[in-house]
Each structure stands twice: as C-alpha cells, then as structure tokens.
1. Answer with yes or no whether G209 is surrounded by 18 or more Cβ atoms within 10 Å (Cβ to Cβ), within 13 Å of Y73 (Cα to Cα) and within 19 Å of the chain's Cα centre (by Cα).
2. Just to check your reading of the model, which residue among Y176, Y180, Y127 is farther than 22 Å from R91 by Cβ, of a type in the set (S, T, Y) and in contact with a Leu (Cβ under 8 Å, 6 or more places away or on another chain)?
3. Considering each of S137, S126 in turn, give the residue that is modelled with pLDDT under 95 and either within 13 Å of W205 (Cβ to Cβ) or more than 16 Å from the chain's Cα centre (by Cα) (or both).
4. State whether the residues of the stretch 198-205 include one that is surrounded by 16 or more Cβ atoms within 10 Å (Cβ to Cβ) and in contact with a helix residue (DSSP H, G or I) (Cβ under 7 Å, 6 or more places away or on another chain).
5. Kindly evaluate V50 against the criterion of being at pLDDT below 95, part of a helix (DSSP H, G or I), on the phi < 0 side of the Ramachandran plot and of a type in the set (A, V, I, L, M, F, W, C).
6. So which pairs qualify, if the first residue must be in the stretch 79-100 and in contact (Cβ under 8 Å) with a residue 60 or more places away in the chain and farther than 18 Å from G209 by Cβ, the second must be buried (at least 23 other Cβ atoms within 10 Å of the Cβ) and of a type in the set (G, A, S), the Cβ gap must be under 7 Å, and the two must be at least 6 apart or on different chains?
7. Out of all the residues in the stretch 111-153, which are under 30 Å from N82 (Cβ atoms) and basic (K, R)?
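The values are calculated or read from the model by the stated rules, or taken from the named source; none is laboratory data. Quick caveat, the model's predicted, so the values are computed rather than measured. Using ideal geometry, Cβ is built from the backbone for each residue, glycine included, and neighbour counts are taken over all protein chains shown.
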Amino acid sequence: MKNKALYQRPLFSAGDNRVRLSPKPVFCRKVMMLAAMMCLSCVHTLAGAVDKSAVKEKWHTPFDLYLSPQEAYEMKSGDPDNVLFIDVRTRAEIQFVGFTDMVDANIPIYVLSREWRDKADGNHGSYRKLRNENFVSAVDNLLTAKNKDKSAPIILMCQSGGRSPKAARELHEAGYQNVYFQVEGFEGIKAKEGPDKGKRNVNGWKNAGLPWSYKLKTEKMYFNFEADKE
C-alpha cells in the first residue's frame, strides 16, 4: 500500500469549486533540507580550501584562510556583490603585467621608490619598495564605498604570495574579520629549471587561464581610495 504522506493531496475535489493549497510532500521537504545542507557544506569547504600545511610558514596569516587562484575566482564570481577582491600589487605591476577586472580595487601594500638596490652579483638590482602607510585607510575607504563593514569577506592577491600575508596582518590588526589569501598571486612563482628558468609560468592567476587583460578600469584604481593624495 502506498504511503499517502508521500504524495500531494489533489488540488480539486469532486463537487468542490474551491482551490486547495497542497502541502509539500514529506520527501520533498527532506530533499530541500539536504540540498541546503550540502550548499552550506560547499561554502564551508571553500572557506578553507587550501590547507595551511601547504602554505609556507612565513606566509601564514592570523585568519588561516587560504585559496588557490581557481577557488578565489569561484568565491568572487559566486557572490560578486558581497565578496571584495583586492589586488595589492604596485600600480606599475598592474599597468604592465596585467590586471583582472574581477578585482574591486588595486590598493598596493608597497609602493616603488626611486632608490636603486644592487643585488649580490653586483650586476643586477631593483627599485626599493616602501610600505604604503595608507594601506588600511584605503581599504577602509573601499568598504565605505561598497557599503560594507569589517566582517565582509575580502580576498587579497599579490604577485606570487609574498606581500598578501603582510597585508592580511595589517588588516587583522585593524579589526578586519574575514581576510582570504590567494596563495599563488597573479603571476605565480618562477620556474627553477628548464628552458623557462626564471620565468613566472609555474602557477598563479594568469597561468591558470583565468580572466585578465591590460585594460584598467578607472573606478578600480588606487587614487579613488587613497587617504593622502600624492
């Protein structure tokens, strides 16, 4: 004998002109509850997608929230209005290396100075990077512009993973609560051997085939958020 509880009652009955609202079947309610639990489980899994043990100890953050490029992409594209995505590279990097329009703002944790620093070989060097003292205040301004508070989820991305943890620590000290670190950065690390040795083609956002270009959208540039105009 069939279990009547598993089937909907008829919407109409003989000789009755009234429409009856049919209650949800028991099994439908159970399926809906199970689906909701599975969705919550997926979100929770994404929140800690990259295991802490796979991240360099010096790159650990107080939040312990680590993402691969693909996971960062999925998190942002899955909830674009509530998840904030910040590129903390210098303005020169986003100009000449590339930028993804999925980012909400470029807010550099370091800025390039005019000081040249020689490397150990005496033949090469680089311009010294200086800490951006206005980093946290600029992120505060971004939150205000987006009508968010410090509990909003934020994803940080740098070149290859070295700068985002420093940015995350500053935000933690400032009271931010949910800061994610995209551990491979935009360019990824350098190849250590082979014909492409020294080139950044191992991992990272750009090498993962995720969207990027050389086009920079005005509203996402740092000058919109910096506290002190240069």
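1. When the stated conditions are applied, G209 does not pass them.
2. Going through Y176, Y180, Y127 in turn, the sole match is Y180.
3. S126 is the lone residue from the list that is modelled with pLDDT under 95 and either within 13 Å of W205 (Cβ to Cβ) or more than 16 Å from the chain's Cα centre (by Cα) (or both).
4. Among the residues of the stretch 198-205, at least one is surrounded by 16 or more Cβ atoms within 10 Å (Cβ to Cβ) and in contact with a helix residue (DSSP H, G or I) (Cβ under 7 Å, 6 or more places away or on another chain), which makes the answer yes.
5. Taking the combined requirement at face value, the residue does not satisfy it.
6. The qualifying pairs are V88/S164; V88/A167.
7. Our first condition is that a residue be under 30 Å from N82 (Cβ atoms); within the stretch 111-153, this holds for 111, 131-153.
Across the stretch 111-153, the qualifying residues are R131, K146, K148, K150.
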